[in-house]
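Quick notes on the structure that follows.
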Amino acid sequence: MKVLMTEYLRIDLESENWECRVCDHTIGSARGNYKEGMLVYNRDPADIHPSIIDPEKYRFTFCPDKDWVHIYEFYCPSCGTQVEVEYTFPGHVPLHDMEVDLDTLKKQWSQRDELTEPTTGPNVLVDRGHRHH
Amino acid sequence: MNKPIDLKNVAEDQDLIKKFLKETTLFLGPDPEIIRDHRIMPRTDYEEKCVQEHSDLNQIASIRDRLQAACEEGFEMVEQMGAAPGAKWGDIITGIYSASGDLTIGSAGGVLIFSALVHHPIKFIIKNWIDEKTVGVNEGDGFIHNDSRYGNVHNTDQSMILPVFHEGKLVCWVASTVHEGENGAIEPGGMPSMAETPFDEGLKMSPFKVVENYEIKRDLLTFLQNSVREPKLQYEDMKVKLFACMRLEKRIKEVLAMEGPDALTACLRYTNDSVVEEVRRRIAEWPDMTVRTHVIMDSTLRENVLIKVNLAVTKTGNRLIFDFSGSSPEITNRAINTQLPGLKGMVAQSFMNHVWPDLPRGQAGFSPIEVITPNASIVDCSYAAPNSQSLMAIFTAFTVAQHATAKFLYSVPEKHTRVLAPWFNMIGTFIWGGVNQHGETLGNLCADLNGMGGGARMDRDGEHALAPIFATMADIGEQEMNEEEVPFLQLVSKKMTTNTQAPGKFRGGMGYSMIVATKDSDQWGFMTTTVGSKAPPIQGLFGGYACGSYPLSKVTDVDVYDVMMTEPERFKHSIPEIMNEQPFENANYSTHHMGMGFDLAKRGELYMISQGSGGGYGDPLERDPYMVIQDIEESLITPDWAKKLYHVVFNEETLKVDEEATEAERKKVREKRKAQGLPYADFVKKYVKDQPPENIPFYGSWNGDNDMVYAGSNDDKRDAKDPGPIYMINPKDVKIAELEEELTTVRNVAGLSAKDTRT
């Protein structure tokens, strides 16, 4: 059985591995940090949040200051999907963001049916009010 | 042989000691026993009896529905009659509290954070005033409160609290809380950034009796009016809250007459207990794991520094623990710290707004969740530290809570809302004050703070300027109506700020620009109070990006009203056009971080800001190209930005998408990522440092070692359990020192003797 953990990651409970949901690539042990099986890139904030006022004239420009924030991008090494992005302090170690208790996860899902797509929760429907047909 | 201890005597002695201590306490200060406990109170014997005798769920549901309707009625009264802008826009709550002081039923709209922390002052009243012969708690009494060290978020919020009696016995409490704004602090509007001690924060009302026999005591009212800048508002809103509480009391008495006090008590107790039980059941459905995240606060609102708000959430079985260890120590003379209830309230609110919105608005929903905070930290400050701008700490705490929660929720089969990326979390608005065009002194803020960009969801984009993180149903107000009372115009308002989107497969909801200028007063000014001008204060989710950064832009030495009269074509309607084209001759154009202290504004000078975007969700390369085109059509992004961020190929004239070329382009980008990305170990070796950046003051733990925290310098590392005080220098003194140093250098170069700078 496989458990869908994020938009791009799942855990195979039998092989005990993190897998990419886009290309089925085996990323690494689900007892460990999936980020260790990713490619990582230190993105210049100006690539994503370009200045909308002139950086030649002004100190603050709507573009984050690269000396104050770094953007770590984590890619699947097989298909290049951007699995996670982390805004962090310059020089900070990437966070071990999801540390799963695999044995409990196995036990929990032994009582459940496998899901191939995530549930989304209830839809909020617009109440069109009183009508005559 | 020792004599056996007479336990009866010991108990009597202890009671005597307690009585002695109670009678001789010189100061009833903030009470940690009350303030640090967010759980609902244990069942009393009377509650147990009532629950046993009234187990008919239909009766309980019927009573609860009537109480809920009463709360909504009270909410409407305050919203319709309240004078404070915050009341008009729904920054309020009315609620019914158990006899022990637990908020059981709150109004569904308004500020949900109040649901988790207005109970503290009631518990203070129960503990200290019921048996106090100089105070007492009687039918017709009303208590006022605003001091956040006794409960509540911050001192701009004032509560009116009434006990409800039945045949002489206290059966429950009702209360109404409003973001009143003005409170007599050193800056107008109630949230001073300049406060360096709690004594700069204005009114400090521990809970005290201000109403007897349903009448406001005029002597106390006059004292309060003299303590604030808006004396008429103070009176009007005290009356409004009192009458809303009286209406709630009336409705409760109708229930009492029909059902009796035992059934009412059973309803309140059962409601709280059943919510706690349901929350535990829902938590058990989550995967057992630890999720870690943090966000950057880039400012104290006085100076730019790097402050960490850190969170690890651990779920095991039906326990859920929020651990904020590693967050910055408190800054002893800056206003951005929070008292613990504010932090808990904000985390509770992330659940009420975005995780379990179907559960009743009350205290029970957060009761079983555990919170760990470092002592004397920015998320749990001492009573000696100011906290008037606690929103900075609790909004970022909301974000880390929301970010972590999303990572738990994705795999859970039973969801109650969509998984979503973090909401934008700062109040992009103007706080204002001074003398208005009618000669009245005012101090408050623009309702635009209620328009924060929504986070992108797992199946759709975030909504623009939708709602603040602290209320799902609040309004952004009618600017034209406000302009009847304030001497400034929003020359540009509700216009989305192009190219400030948080990209993703689903993008965040964006914010709008505000350009204001004073017109009819020479005693008027503005403040802005957000972090995030250098680094985004949120995160994206699952490959989506956060928002960018948002500065304050100013144009001084101009009167745009004169320009509009003589050369109206010179006025431009966006921040980039005005700042880049500089259309006003001889004017001074500048940008600043968003922690602007109160600034007196001359007629026609421009102050320009933008709300922020909620976080993006998913890889931007997966964004539907037609949704990208729609964003261009709606002027949310420009074509060049769309190409750069989303790698969509289209005809710029017709906006026709070339699907094949887009797919090929995106494939190339994925290959480029694989070429440019480093294996994790190599990346860590190349980019990770043992210490924070050297040239920027940093506060908080580094690389996961939460036992030690940095306090502004790599040479100043402290024990996280007892970090001690941190005092920052006044930014003006820093500037003076820099200028003196420069002057000394210049004098040396000029061959002049050094001047003695001592005074």
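The values are calculated or read from the model by the stated rules, or taken from the named source; none is laboratory data. Only a predicted model underlies this, so the values are computations on that prediction, with no experimental measurement involved. Glycine also receives a Cβ, built like all others from the backbone with ideal geometry; neighbour counts cover every protein chain displayed.
Yes or no, residue by residue, for (1) of a type in the set (A, V, I, L, M); (2) surrounded by fewer than 18 Cβ atoms within 10 Å (Cβ to Cβ); (3) touching a strand residue (DSSP E or B) at 6+ places or on another chain (Cβ under 8 Å):
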position	(1), (2), (3)
B:PRO568	no, yes, no
B:PHE571	no, no, yes
B:SER574	no, no, yes
B:GLU585	no, yes, no
B:SER590	no, yes, yes
B:GLY595	no, no, yes
B:GLU605	no, no, yes
B:MET608	yes, no, yes
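Scanning region B:595-607 for residues that are assigned to a loop (DSSP other than H, G, I, E, B) and within 14 Å of chain A (Cβ to nearest Cβ) yields a count of 2.
Contact annotation: residue pairs with Cβ atoms under 7 Å, 6 or more positions apart or on different chains, pairing a residue in region B:670-694 that is of a type in the set (Phe, Trp, Tyr) with a partner that is in a helix (DSSP H, G or I), are B:TYR680/A:LYS35; B:TYR680/A:GLU36.
Of the strands (runs of 3 or more DSSP E) contained entirely in region B:508-594, those carrying at least 1 residues that are aromatic (Phe, Trp, Tyr) fall at B:512-518, B:524-527, B:588-592. How about region B:696-715: which of its residues are within 8 Å of another protein chain (Cβ to nearest Cβ) and either exposed (fewer than 12 other Cβ atoms within 10 Å of the Cβ) or farther than 15 Å from B:ILE378 by Cα (or both)? B:ILE696, B:TRP702, B:ASN703, B:GLY704, listed by residue number. Filtering region B:608-630 to residues that are more than 13 Å from chain A (Cβ to nearest Cβ) and under 30 Å from the mean Cα position of the chain (by Cα) leaves only B:GLY614. On inspection, B:LEU645 passes the criterion of being crowded, with 16+ Cβ neighbours inside 10 Å, under 21 Å from A:PRO55 (Cα atoms) and hydrophobic (A, V, I, L, M, F, W, C). The residues listed here are B:LYS668, B:LYS685, B:LYS643; of these, the one that is under 30 Å from B:SER713 (Cα atoms), more than 8 Å from chain A (Cβ to nearest Cβ) and out of contact with any Asp or Glu (no Cβ under 7 Å at 6 or more places or on another chain) is B:LYS685. Of the residues making up region B:35-81, those that are more than 27 Å from B:MET238 (Cβ to Cβ), hydrophobic (A, V, I, L, M, F, W, C) and not in a loop (DSSP other than H, G, I, E, B) are B:CYS50, B:VAL51, B:LEU57, B:ILE60, B:ALA61, B:ILE63. Taking residues in region B:20-43 that are assigned by TED's automatic domain parsing to the domain that holds B:PHE114, and partners anywhere that are outside any helix (DSSP H, G or I) and of a type in the set (Asp, Glu), the pairs with Cβ atoms closer than 7 Å and at least 6 places apart or on different chains are B:ILE40/B:ASP102; B:MET41/B:ASP102.
The rows are residues; the columns are (1) surrounded by fewer than 21 Cβ atoms within 10 Å (Cβ to Cβ); (2) aromatic (Phe, Trp, Tyr); (3) within 30 Å of A:ILE71 (Cβ to Cβ).
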{"position": "B:LEU220", "(1), (2), (3)": "yes, no, no"}
{"position": "B:GLN225", "(1), (2), (3)": "yes, no, no"}
{"position": "B:CYS245", "(1), (2), (3)": "no, no, no"}
{"position": "B:TYR270", "(1), (2), (3)": "no, yes, no"}
{"position": "B:VAL295", "(1), (2), (3)": "no, no, yes"}
{"position": "B:ASN310", "(1), (2), (3)": "no, no, yes"}
{"position": "B:GLY317", "(1), (2), (3)": "yes, no, no"}
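Restricting to region B:662-695, and then to whatever is within 35 Å of the chain's Cα centre (by Cα) and not in a helix (DSSP H, G or I), can you tell me which residue is surrounded by the most Cβ atoms within 10 Å (Cβ to Cβ)? Looking at residues that are within 35 Å of the chain's Cα centre (by Cα) and not in a helix (DSSP H, G or I), I get B:PRO692.
B:VAL137: surrounded by fewer than 21 Cβ atoms within 10 Å (Cβ to Cβ), in contact with a strand residue (DSSP E or B) (Cβ under 8 Å, 6 or more places away or on another chain), in contact (Cβ under 8 Å) with a residue 12 or more places away in the chain and outside the structural domain of B:GLY477 (by TED's automatic domain parsing), yes or no? Spelling it out, B:VAL137 is indeed surrounded by fewer than 21 Cβ atoms within 10 Å (Cβ to Cβ), in contact with a strand residue (DSSP E or B) (Cβ under 8 Å, 6 or more places away or on another chain), in contact (Cβ under 8 Å) with a residue 12 or more places away in the chain and outside the structural domain of B:GLY477 (by TED's automatic domain parsing). Residues that are of a type in the set (Lys, Arg) and surrounded by fewer than 24 Cβ atoms within 10 Å (Cβ to Cβ) were ranked within region B:483-533; the one that is modelled with the lowest pLDDT is B:LYS494. Considering (1) touching a Phe, Trp or Tyr at 6+ places or on another chain (Cβ under 9 Å); (2) aliphatic (A, V, I, L, M); (3) crowded, with 24+ Cβ neighbours inside 10 Å; (4) at pLDDT below 95, the lone condition that B:ALA175 does not fulfil carries the number (4). Among the strands (runs of 3 or more DSSP E) confined to region A:15-133, the ones with at least 1 residues that are more than 7 Å from chain B (Cβ to nearest Cβ) are located at A:17-20, A:26-29, A:39-43, A:70-75, A:82-88. Flag not set for B:ARG292, criterion: at pLDDT 95 or above, touching an Asp or Glu at 6+ places or on another chain (Cβ under 8 Å), on the phi < 0 side of the Ramachandran plot and away from chain A (no Cβ under 14 Å). The single residue among A:LEU115, A:LEU95 that is under 22 Å from A:VAL3 (Cβ atoms), at pLDDT 95 or above and crowded, with 17+ Cβ neighbours inside 10 Å turns out to be A:LEU95. When you scan region B:597-609, do you find a residue that is within 30 Å of B:ARG418 (Cβ to Cβ) and not aromatic (Phe, Trp, Tyr), even just one? Yes, region B:597-609 contains a residue that is within 30 Å of B:ARG418 (Cβ to Cβ) and not aromatic (Phe, Trp, Tyr).
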